[in-house]
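Working notes for the structure below.
Only the coordinates and a few stated rules stand behind these numbers; no lab work does. Keep in mind the model is a prediction, meaning the values are calculated, not measured. When we count neighbours, we look across all protein chains shown, and the Cβ atoms used for this are built from the backbone with ideal geometry, even at glycine.
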Amino acid sequence: MKKLFLTLLTAIFALAACVNKPTAEKAATGVNEYAADEAKADGIQRMQPYHYADTVRMDGHTYVYTIHREASDSLPIVVDDEGTRYADNVYKLTVQADGHSFFDRRFTKSAFASYLSSDFRAKGILDGMMCDETQPALTFAVSVSLPQSDMMEPLLLRIDRQGGIAIQRDERGEADLNATVDDEDGV
């Protein structure tokens, strides 16, 4: 189930990156999201910056959202079982509702810590965020994963009309995710 969700999440990010030609070309050629940081010789692996913007219409409102990710040197370094060191990420999510600023917040893994197992709190990084239009409210799928693996813990971040948030584990099973993909493909 986690492998399928990560695969779906990766595919959606790759498709979403089509609005940004250089990122789409990298995804199409299979370039790893971790790039050597030539400016720093500290041996810490960092994910490349990511920026995505889109519009979604639901419940009679038009939402324009942007998601920006960058590796943070101010967060604790994550070390995997082989001793490889990784910088964790910060995501900034901004949302406009009907043309007015509605939501603007930065997220780190600590915002989701109470929903994660101890292994993912210690060795995971915040590595994915995307709008999940299959949900009944303004919802973003979030993933915390063990770096460069297919092991992840999926979460859902819901934003209410007042800008408040609710977080929960994404308990949808593989069959639910397959049905959602099939529905979107018209199958």
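Tell me, I165, I125, I159 in order of fewest to most beta-carbon neighbours within 10 Å?
I165, I159, I125
Order of K92, K123, K109 from fewest to most other C-beta atoms within 10 Å?
K92, K123, K109
For the pair R161 and S110, what calculated FRET efficiency results from E = 1/(1 + (r/R0)^6), where r is the Cβ-Cβ distance and R0 = 22 Å, to the nearest 0.05?
In this case the efficiency is close to 0.30.
Find out how many positive minus negative residues lie around G164, taking Lys and Arg as positive, Asp and Glu as negative, among other residues whose Cβ is under 15 Å from that of G164.
Combined, the nearby Lys, Arg, Asp and Glu give +1.
With label points built 7 Å along Cα→Cβ from the Cα atoms of T134 and S72, find their separation and express it in nm.
Going by the 7 Å Cα→Cβ label model, 2.9 nm.
Taking neighbour counts of Cβ atoms within 10 Å as a proxy for exposure, in what order, fewest first, do I77, I167 appear?
With the fewest neighbours first, I77, I167 line up as I77, I167.
Quick check: convex hull over the Cα atoms of the range 36-117, volume per residue in Å³, rounded to an integer?
Output value, Cα hull per residue: 133 Å³.
Using a Förster distance of 30 angstrom, determine the FRET efficiency expected from the C-beta separation of R85 and T55, and round it to 0.05.
0.20
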